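Peer 1: Sending over a structure as structure tokens; questions will come in a sec.
A short reminder: the numbers here are calculations on the coordinates, not readings from a lab. Here the structure is a predicted model, which means the values were calculated and not measured. Virtual Cβ from ideal backbone geometry, glycine too; neighbours counted across all protein chains shown.
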């Protein structure tokens, strides 16, 4: 790590930027299914609740 | 019926697949975090700097595994596309479509990290070199598959149309692989070989291989996570989905 900060100082921003891109892209990719599932479950529950109410009325 | 064949046949059923994927996912996530943690620590803090590239060699611990994944995922999609087109397997359609955004993510990482490695090493962020250009074409192919799948309302017809595009795009895989041999490129030829000796020292090769394994575990985890959402969406009209979501248990 010391070598990274001393000798390779000019390369450090490129290394840091690469790892940031790597983590940000994969994190976004990992979070997406979790958000999509939550949204889908909420929408389905709303739809089924509406259906139940409609059935109870008729 | 052969028990293994029977198991695969059973896995083709959406409820079985959904439950199986749910059980497998936590293990895959743990394996991703352990192997990724070891690989990153080794690559960033233990592995030596390269005598020519200096410290910028540390970018390869994410660049090379991401590049391998970008091609491997496309090949995986092509295999599933064949199953989707020939046998019309619903899970194969879902797996092929769920893999596309993950493949696009890895291809994007490959291009950006390669560009950031190229600046201190080659003196430029980008050149219309055969390897770089064919990798960019791969990213566009991924975008094409995602776009085509989103453009058609009927999910099953959309998956079959996108599967056809996947199979057409397979031609790009050997072009990427052999571009450094077929054309005179700025990108160096392969330093790691499956057959024969690799020209990379073991102190650098091991963290690279561990990162390659970590990205494979990540892909399996992300693929199952996306596939489960797609299964849920496509099967939302079925009784098993309603029973599962309305019951106290969130997962079967």
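Peer 1: Taking 0.36 nm per intervening residue step and subtracting the Cα-Cα distance, what contour gain separates residue B:168 from residue B:184 on full extension? List each step's numbers first, then the result.
Peer 2: Working: separation 16, 0.36 × 16 = 5.76 nm, distance 2.58 nm.
Gain on stretching residue B:168 to residue B:184: 3.2 nm.
Peer 1: Between residue B:151 and residue B:88, what FRET efficiency follows from the Cβ-Cβ distance if R0 is 22 Å, with the result rounded to 0.05?
Peer 2: Working: r = 20 Å, r/R0 = 0.93.
The value I calculate is 0.60.
Peer 1: Assuming R0 = 30 Å, what is the FRET efficiency of residue B:126 and residue B:205, from their Cβ-Cβ distance, to the nearest 0.05? The partial results should precede the final answer.
Peer 2: Details: r = 28 Å, r/R0 = 0.92.
My answer for the efficiency is 0.60.
Peer 1: Say each of residue B:161 and residue B:193 gets a label point 7 Å from the Cα, pointing the same way as Cα to Cβ; how far apart are those two points in nm?
Peer 2: It is 4.6 nm.
Peer 1: Rounded, prolate or oblate: which fits region B:53-199, taking a ≥ b ≥ c as square roots of the Cα gyration tensor eigenvalues, rounded meaning a/c under 1.5, else prolate when a/b beats b/c?
Peer 2: Values: a/c = 2.40, a/b = 2.03, b/c = 1.18.
Prolate.
Peer 1: If you average 1/r over all unlike Cα pairs in region B:133-250 and invert the result, what Kirkwood radius do you get in angstrom?
Peer 2: Details: mean 1/r = 0.0546 Å⁻¹.
Roughly 18.3 Å, rounded to one decimal.
Peer 1: In nm, give the distance between the simple-model label positions of residue B:239 and residue B:213, each being 7 Å from the Cα along the Cα-to-Cβ direction.
Peer 2: 4.6 nm
Peer 1: Right, here's the next one. If I take R0 = 35 Å and measure r between the Cβ atoms of residue B:140 and residue A:23 in this structure, what FRET efficiency does the formula 1/(1 + (r/R0)^6) give, to the nearest 0.05? Please report the intermediate quantities before stating the final value.
Peer 2: Details: r = 24 Å, r/R0 = 0.70.
Calculated value: 0.90.
Peer 1: Assign one of three labels to the protein assembly as shown, namely rounded, prolate or oblate, based on the Cα gyration tensor with a ≥ b ≥ c the square roots of its eigenvalues; rounded applies when a/c is under 1.5, prolate when it is not and a/b is larger than b/c, and oblate otherwise.
Peer 2: On the way: a/c = 2.21, a/b = 1.84, b/c = 1.20.
Taking the square roots of the gyration eigenvalues as a ≥ b ≥ c, the protein assembly as shown is prolate.
Peer 1: Taking neighbour Cβ counts within 10 Å as the exposure measure, how do B:42, B:221 sort from fewest upward? If you can, show how the numbers build up before the last one.
Peer 2: Values: B:42 18, B:221 24.
Lowest to highest Cβ neighbour count: B:42, B:221.
Peer 1: Please state the shape class of region B:8-120: rounded when a/c is under 1.5, otherwise prolate if a/b exceeds b/c and oblate if not, all from the C-alpha gyration tensor.
Peer 2: Details: a/c = 4.05, a/b = 1.92, b/c = 2.10.
Since a/c reaches 1.5 but b/c is at least a/b, the shape of region B:8-120 is classed as oblate.
Peer 1: A follow-up question, please. Would you please put B:54-67, B:146-159 in order of how densely packed they are, using the mean number of other Cβ atoms within 10 angstrom per residue and starting with the highest?
Peer 2: Details: B:54-67: 24.3, B:146-159: 14.6.
So the peptides B:54-67, B:146-159, ranked by packing, come out B:54-67, B:146-159.
Peer 1: Roughly how large, in nm² to one decimal, is the mean projection of the convex hull of the alpha-carbon atoms in region B:24-67? The partial results should precede the final answer.
Peer 2: Working: hull surface 13.7 nm².
So the Cα hull casts an average projection of 3.4 nm².
Peer 1: Using only the alpha-carbon atoms of chain B as identical scatterers, what base-10 log of I(q)/I(0) does the Debye formula give at q = 0.09 Å⁻¹?
Peer 2: -0.47
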